[in-house]
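The next block holds one structure in the form of structure tokens; read it before the comments.
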Amino acid sequence: MKDFLRDAEDALGDAKAPSPSELDDILSRAGDLKGLPLSDAARLLMAEGEDALTAICEKAVEVKSAVFGPRVVLFAPLYLSNYCSNDCLYCGFRKSNAIARRKALSPDEAVEQAKILSKLGFKRILILAGEHPRYSGVDYLIKMAEEIYSRTDVRILHVETAPVSVEDFRRLKSAGFGVYVCFQETYHRESYKVLHPTGKKSDFLYRLSVMDRALEAGFGDVGIGPLLGLYDYHYDALAAIAHSKHLEAKFGACAHTISVPRLKPAEGAQIKDAPYPVSDRDFRKVVAVYRLSVPQAGVVVSTREPAKLREECLLCGASQISAGSSTEPGGYGRSTGGIPREKSTSQFDLSDMRPLPEMAKVIAEMGLLPSLCTACYRSGRQGNNYLHVAQSGNLNELCTANALLSLKEYLLDVRPEGREIMEASLSRFLEEFKGKLKKDVKKKMKAVEKGERDIHY
Ligand code: SAM
Ligand code: SF4
């Protein structure tokens, strides 16, 4: 199990930046959409210089477009609780943060938060929490999922919480969670030990093996990602790629998503500055190298990053972004059940505060297609099933069609500001379809106009 870290270390060993002709070779191999061996990924991560970065990013956009088409998936996080029994030195939720205002949402509050997000247009929501036996245990999470699914029109809940046993993963899966996400933070064991001094999370190997347990328990889709800034990014990014390869070899499915979180200041955190700062330039390189190395994975950039960089990331291979996020439990809307909500502590500071309509408009203005789609989870396209469709090259058309249908719903139901540009984008991509599919998507579009919802391929 631990061997994939050895693979990453070996590949990084004495990897050098590629010469221009070697770079061309690697990038042309990346064009066949089969991913890259670790040795190639390591050399791309070592690449320096503006020309090399431009070439890597251009190829990453080409690959992203070949796999997913023009769509960019938008989602929102929903923080349930900031109670935590761990002490990660960088996090505002950590146990020894005496100034933290703690809060765990009640079922009614969680439903209210989910309703706020759904009304804004988010039908896929990522649930998050600190690690606490009472306020983020499996029973609590299942209860929240039951309440949200039965009392709102949210279509899929993904979950990013502490590692659990195979048995508990089975229970989470049965409760209807879609993707299980967990960041390794750093794959460098010694640094991990220092940064996670106490609590369950201090067990490096238990965390490193979490995705093996999730997949064994039947979660078809898992999301991984190191927290950039904690250790040398060359190693951590390569180890994440090696992690995905390990999962694909063992379970037949690569990581469904690779997130690219970067350390941010957090109120009450013990470390304020990243021990290994990652520049914006290197951040973009990591995004592009993930895309080229694991082409079928969603590459996710959160609102931790500033607006301009997030837009640049869409031009180097990112395929999913969050929007209008809050990392504070109860952070959406102004009140809870009519009672003014107590403030709770946020997990870390955010940079890009643009709400969903503005983000969707920016994406359309960039010539891309904003998507609020939940189709894969509704159609059982998960795990190896998903990977087969993605590798066959058919996901591109499916994603575009589903993005258009979800965008149509959004425009009709929310009537967001700036919708003219989104409508223009919708018409343009619709007209680009050919033959039978075009006719069929138009038919489905008419059904959405007549009030049918959740129509997808
Ligand atoms: N508490 C669970 C855990 O740690 O696995 C669930 C995920 S936690 C709510 C979400 C993620 O936020 C963490 O895995 C970590 O990578 C990230 N995070 C924590 N503090 C951060 C900070 N100061 N800046 C950026 N990301 C941070
Ligand atoms: Fe707790 Fe997660 Fe924050 Fe660590 S990162 S202190 S486990 S919420």
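Please treat every number below as a calculation from the coordinates, not as lab data. Quick caveat: nothing in here was measured; it's all calculated off a predicted structure. With ideal geometry, Cβ positions are generated from the backbone for all residues, glycine too; neighbour counts draw on all protein chains shown.
Debye calculation, C-alpha points only, no solvent: report log10 I(q)/I(0) for the chain at q = 0.06, 0.08, 0.10 Å⁻¹, in the same order as the q values. So the normalised log intensities work out to -0.23, -0.43, -0.69. So, in nm, how far is label Glu58 from label Val194 when the simple model puts each one 7 Å beyond its Cα toward the Cβ? Computed distance between label sites Glu58 and Val194 equals 4.1 nm.
One chain, two ends: Arg453 and Ser392. Fully extended at 0.36 nm per residue, the span grows by 19.1 nm beyond their Cα-Cα distance. Between the range 50-122 and the range 347-370, the C-alpha centres lie 13 angstrom from each other.
Extension gain, Asp51 to Ser351, is 105.2 nm, computed as 0.36 nm per intervening residue step minus the present C-alpha separation. Using 0.36 nm per residue and subtracting the Cα-Cα separation, the extra length available between Lys343 and Asp280 on full extension is 19.5 nm. Normalised radius of gyration (Cα atoms, divided by 2.2 N^0.38 Å) for the range 387-449: 1.18.
Per-residue Cβ neighbour counts within 10 Å put Met46, Met144, Met353 in the sequence Met353, Met46, Met144, beginning with the fewest. Long hydrophobic helices in the chain, taken as whole DSSP H segments with a C-alpha length of 24 Å or more on their own axis and mean Kyte-Doolittle hydropathy at least 0.5: 50-68, 395-414. Pairs spanning more than 25 Å between alpha-carbon atoms, out of Lys115/Lys201; Lys103/Lys200; Lys64/Lys443: Lys115/Lys201; Lys64/Lys443.
For the chain, the share of DSSP beta bridges that are antiparallel, to the nearest 5, is 10%. What separates the Cα centres of the range 210-285 and the range 27-41 is a distance of 19 Å.
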